[in-house]
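Structure record follows, encoded as C-alpha cells.
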Amino acid sequence: MSKIVYNACYGGFGLSEKAINRYWEIKGAPVPDDFSAYDLEGDRSDPVLVQVVEELGEEVNSWASKLVIRELPAGTLYRIDEYDGFESVCTQDDYKWSVA
C-alpha cells in the first residue's frame, strides 16, 4: 500500500511550524532558509511527510489545512483534484471515461 497526503478542508495544503521542524529533524538537516511548507506539495507520498502527518495528527496542520492520508494499492494511478484548497485523491476508477 502507498500512503498519499492531501488536504481535506477548504483553505489549502500547509504544515504547522512544528511539522516543518519535525520534517527536517527526520531528514537530519536544518530547515532551509528559503523553505516553505508549500514546497512539499509536489511529492505527497514522501515517506517523511507521511510519517510527520501520522506522528503529529492535528498538530501537523497549518491554520488553513486538515492533512489526512489515503492509502492506495501500490502502482495505482491517481491525481489530486483541488477546489478552493479542498483536495481529494482520485483514481482512474473515480471517473467515467468515454471512448472516441
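The values are calculated or read from the model by the stated rules, or taken from the named source; none is laboratory data. Quick caveat, the model's predicted, so the values are computed rather than measured. Here the Cβ is made from the backbone with ideal geometry for all residues, glycine too, and neighbour counts use every protein chain on show.
If the condition is being in a loop (DSSP other than H, G, I, E, B) and among the charged types (D, E, K, R), then segment 46-100 contributes Asp46, Lys66, Asp84, Lys96.
Counting only residues that are assigned to a helix (DSSP H, G or I) and either modelled with pLDDT of 95 or more or closer than 25 Å to Asp81 by Cα (or both), segment 1-20 holds 3 of them. Only residues that are assigned to a loop (DSSP other than H, G, I, E, B), among the charged types (D, E, K, R) and surrounded by fewer than 17 Cβ atoms within 10 Å (Cβ to Cβ) were counted in segment 23-45, giving 3. Whenever a residue of segment 81-100 is at pLDDT 90 or above, its partners that are among the basic types (Lys, Arg) and assigned to a strand (DSSP E or B), lying with C-beta atoms within less than 8 angstrom and at least six residues away or across chains, give the pairs Val89/Arg70; Val89/Arg79; Cys90/Arg79.
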